[in-house]
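Report on one structure; see the data block that follows.
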Amino acid sequence: MNVFFEEDGGFKVGHVMSDIGTSLQIESISGKRSKIKANAVVLRFESALEQFLPSAEALAADIDPDFLWQVCGKDEFGCEELALEYFGHKPSSPEAAAAALKLHGAPMYFYKRGKGRYQAAPEENLKAALASIERKQREATLMAGWVAQLKSGVMPEEMRSHRDTLLYNPDRNTLLVKACELAVAETHTSLPLLFFQAGAWLNKETAQHDYHVGKFLADYFPRGREYKGIVDGLTDATALEKLPVADVRAVSIDDATTTEIDDAFSINYLDADRVEIGIHIAAPALYFSSDSALEKLANDRLSTVYFPGEKITMLPGEAVVQATLAEGRLCPAVSYYATFSTQTFALEHTRSAIERVHIEKNLRINELEKYFDDTAVTSGISVGAFGEELILLHKVARALGARRGKNENEQDRVDYNFEISDGRVAISTRKRGNPIDTVVSELMIFVNSEWGKLLATNGVAAIYRVQQNMKTRMTTDALPHEGLGVAQYAWSSSPLRRYVDLINQRQLIAHIRNESPPYPRRSPVLNEIARRFDVTYDAYNEFQRNLERYWCLRYFEQEGISQFDGTMIRDELVRANDLPLVVKLAKNPELPPKTPVRVQVGPLNYWDVAGEFSLVASPESI
């Protein structure tokens, strides 16, 4: 006795070795023995085991499931009953098995109701199922066409208008994305490169750069980088004319390209023994309320984004133009005044004020460096504009550095500037630690620390920049910043560029005016802002580093550089000596950190911002 039975969603045959009623011991054609349940058996037969399934499958191939569906009626039936109706005689075992195979293989036509029993699908269900199959066939044809186009270097028109979505925010349920994934799998090529080869970017020279910028914008600026209709709530400048006018004339110190001028400085000799230094911070908090669209935008963006050749400001240009400390204007500001001894530069008194300040000049670092340098500081004479004032500010700054037991500019650090023009990059260096840096950094550290202390002492909530055990983070707790050597450090000096500074400025203004601050102590909103700022600020900085790395690789190609000198960091990592670039060697040279090396530049991959780098010289030859 042989049996035709159902197992694992299909049909099998076997010779019965024993039958105990509820189960059978069977032997397959291959000789494998197994145990099956009796209710899995569809048919029992005596004919040859080896030819049974081939014969049944051949018969089933000629059966039209649509015809079966039309003649089977609406009631439940068994496969042998249908075989009798179809073949017109008592079916043989292979014929009955053929009916079972066809019924089982057409689930949209027939619903399974039990062992060897089925029922015709309702007409409306069958139509829907057939329509679905037809749709899937059309979709498969469409996808195959798109894949073929991509593989042949042609961008499908249906994909062109969805390029950025397909690259940055793909919906895997869509046909376009499925086609892209299939093309990537078949070509073993990344999707950006496939698109590039297919002409997805009109300007192939900037395609890789545009890809990286586009990815960043999709992640952090999904509504675009443009500002639309959100400056209506900007306070008219005349509304701030009631602010008192400070009896000082201030100057700012910034890079030549800076438009968001947040800070300026003034000097006022009170008498022969005392001088009052004013640190004046732009006051965007006075121009729009904490429930305005501008505030929401700043809360969304959290910071200005900087990257080579471009920036995306936190606030719209109209707001920046109003609040920036532009020369020749009376600008609303939050000021911090500190009185120092002119002999010892000991700090004697401080005060804060909300006022308008006359900005006499926006000094630019590239011009200042021509005359305000180490020589001027050593001699005590600076012949350029505001030279005497700068010498005094430097003396104050040095005293402030000594006061906190640090000198922010002692390290031999280098800044790199990127200038992009017509697809070419120029990378220049500027050594940190000159007198200009000392003035700006020390006065900013001073005001951020002092205002942080003022808020903490008076129980006003604020967001602090904390560094402990070499880890830096934002928090609402007034904890030390060990790297700067201060007891607390509340970023407050860049409210045009950082949202935490704007928040702290709102808190500070409320305190100065003896008003209730917008955010109470232990505010969960402040904690959430601090958390989001940390994450977002790190991401913005990483994007800047990635684009700087991209332009460094472009610089190699542009200048025909095949080798560069660097210094081992650890393992396979090497830092370039003259570029802001860290590369990973193909293998670990097992050299100690700080070992000088020469690196060979291999093929570069601008899509991944990577390349192949290898060691080409021993330390002795460098």
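Restricting attention to the range 263-294 and to residues that are of a type outside the set (S, T, N, Q), under 39 Å from the mean Cα position of the chain (by Cα) and surrounded by fewer than 20 Cβ atoms within 10 Å (Cβ to Cβ), the residue that is farthest from Ile354 (Cα to Cα) turns out to be Ala293. Here His15 clears all of (1) without any contact (Cβ under 8 Å) to a residue 24 or more places away in the chain; (2) over 25 Å from Lys112 (Cα atoms); (3) surrounded by 12 or more Cβ atoms within 10 Å (Cβ to Cβ) except the condition numbered (1). Of the numbered criteria (1) within 27 Å of the chain's Cα centre (by Cα); (2) farther than 30 Å from Ala218 by Cβ; (3) of a type outside the set (D, E, K, R), the one Tyr555 fails is (2). Applying the set (1) out of contact with any Leu (no Cβ under 7 Å at 6 or more places or on another chain); (2) in a loop (DSSP other than H, G, I, E, B); (3) surrounded by 21 or more Cβ atoms within 10 Å (Cβ to Cβ) to Arg522 leaves exactly one unmet item: (3). Taken together, the criteria place Gly611 among residues that are touching a helix residue (DSSP H, G or I) at 6+ places or on another chain (Cβ under 7 Å), small (Gly, Ala, Ser) and closer than 22 Å to Phe418 by Cβ. Evaluating Glu419 against the criteria (1) in contact with a Pro (Cβ under 9 Å, 6 or more places away or on another chain); (2) acidic (Asp, Glu); (3) without any contact (Cβ under 8 Å) to a residue 24 or more places away in the chain leaves one unmet condition, (3). Tell me, please, whether a residue that is aliphatic (A, V, I, L, M), touching a Pro at 6+ places or on another chain (Cβ under 7 Å) and either modelled with pLDDT under 90 or surrounded by 13 or more Cβ atoms within 10 Å (Cβ to Cβ) (or both) can be found in the range 100-122. Yes - at least one qualifying residue is present in the range 100-122. In this structure, Ala319 does not satisfy being among the hydrophobic types (A, V, I, L, M, F, W, C), within 39 Å of the chain's Cα centre (by Cα), surrounded by fewer than 18 Cβ atoms within 10 Å (Cβ to Cβ) and under 30 Å from Tyr220 (Cβ atoms). Scanning the range 238-262 for residues that are more than 41 Å from the chain's Cα centre (by Cα) and in a loop (DSSP other than H, G, I, E, B) returns Glu241, Lys242, Leu243, Pro244.
Selection of the range 167-194 for residues being closer than 13 Å to Ala148 by Cα and touching a residue at least 40 places away in the same chain (Cβ under 8 Å) yields only Leu194.
Yes or no, residue by residue, for (1) touching a strand residue (DSSP E or B) at 6+ places or on another chain (Cβ under 6 Å); (2) in a helix (DSSP H, G or I):
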position	(1), (2)
Val16	yes, no
Gln25	yes, no
Ile29	no, no
Ser47	no, no
Pro54	no, yes
Gln70	no, yes
Gly73	no, no
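Considering (1) farther than 16 Å from Leu502 by Cβ; (2) surrounded by fewer than 23 Cβ atoms within 10 Å (Cβ to Cβ), the lone condition that Tyr336 does not fulfil carries the number (2). Pairs, please: C-beta under 9 Å, at least 6 apart or cross-chain, first residue within 19 Å of Glu27 (Cβ to Cβ) and in the range 42-63, second surrounded by fewer than 17 Cβ atoms within 10 Å (Cβ to Cβ) and of a type in the set (A, V, I, L, M, F, W, C)? Taking only residues 6 or more apart or on different chains, the pairs are Arg44/Met1; Arg44/Val16; Phe45/Met1; Glu46/Met1; Leu49/Ile29; Glu50/Ile29; Leu53/Ile29. Listed conditions (1) charged (D, E, K, R); (2) surrounded by fewer than 14 Cβ atoms within 10 Å (Cβ to Cβ); (3) in contact with a helix residue (DSSP H, G or I) (Cβ under 9 Å, 6 or more places away or on another chain) are all met by Glu542, apart from (3). Scanning the range 256-295 for residues that are under 18 Å from Lys395 (Cα atoms) and among the hydrophobic types (A, V, I, L, M, F, W, C) yields Ala264, Phe265, Ile267, Leu270, Ala272, Val275, Ile277, Ile279. Check whether at least one residue in the range 401-410 is buried (at least 18 other Cβ atoms within 10 Å of the Cβ), within 23 Å of Asp271 (Cα to Cα) and either assigned by TED's automatic domain parsing to the domain that holds Phe446 or out of contact with any helix residue (DSSP H, G or I) (no Cβ under 8 Å at 6 or more places or on another chain) (or both), and report yes or no. No, the range 401-410 contains no residue that is buried (at least 18 other Cβ atoms within 10 Å of the Cβ), within 23 Å of Asp271 (Cα to Cα) and either assigned by TED's automatic domain parsing to the domain that holds Phe446 or out of contact with any helix residue (DSSP H, G or I) (no Cβ under 8 Å at 6 or more places or on another chain) (or both). Scanning the range 418-461 for residues that are at pLDDT below 95, more than 23 Å from Glu388 (Cα to Cα) and polar (S, T, N, Q) turns up Ser421, Ser428, Thr429. Total residues in the range 455-489 satisfying the condition of being touching a residue at least 24 places away in the same chain (Cβ under 8 Å) and under 26 Å from the mean Cα position of the chain (by Cα): the figure is 7.
Does Val245 satisfy being surrounded by fewer than 15 Cβ atoms within 10 Å (Cβ to Cβ) and touching a Leu at 6+ places or on another chain (Cβ under 8 Å)? So Val245 fits the description; yes.
Figure legend. Inter-residue proximity from the range 329-346: first residues in contact (Cβ under 8 Å) with a residue 60 or more places away in the chain and more than 18 Å from Asn448 (Cα to Cα), second residues among the charged types (D, E, K, R) and part of a strand (DSSP E or B), beta-carbon distance below 6 Å, spacing 6+ or different chains. Indicated pairs: Leu330/Arg356; Pro332/Arg356.
The values are calculated or read from the model by the stated rules, or taken from the named source; none is laboratory data. None of the values given here were measured: they were computed from a predicted structure. Here Cβ is always computed from backbone atoms with ideal geometry, including for glycine, and neighbour counts include all displayed protein chains.
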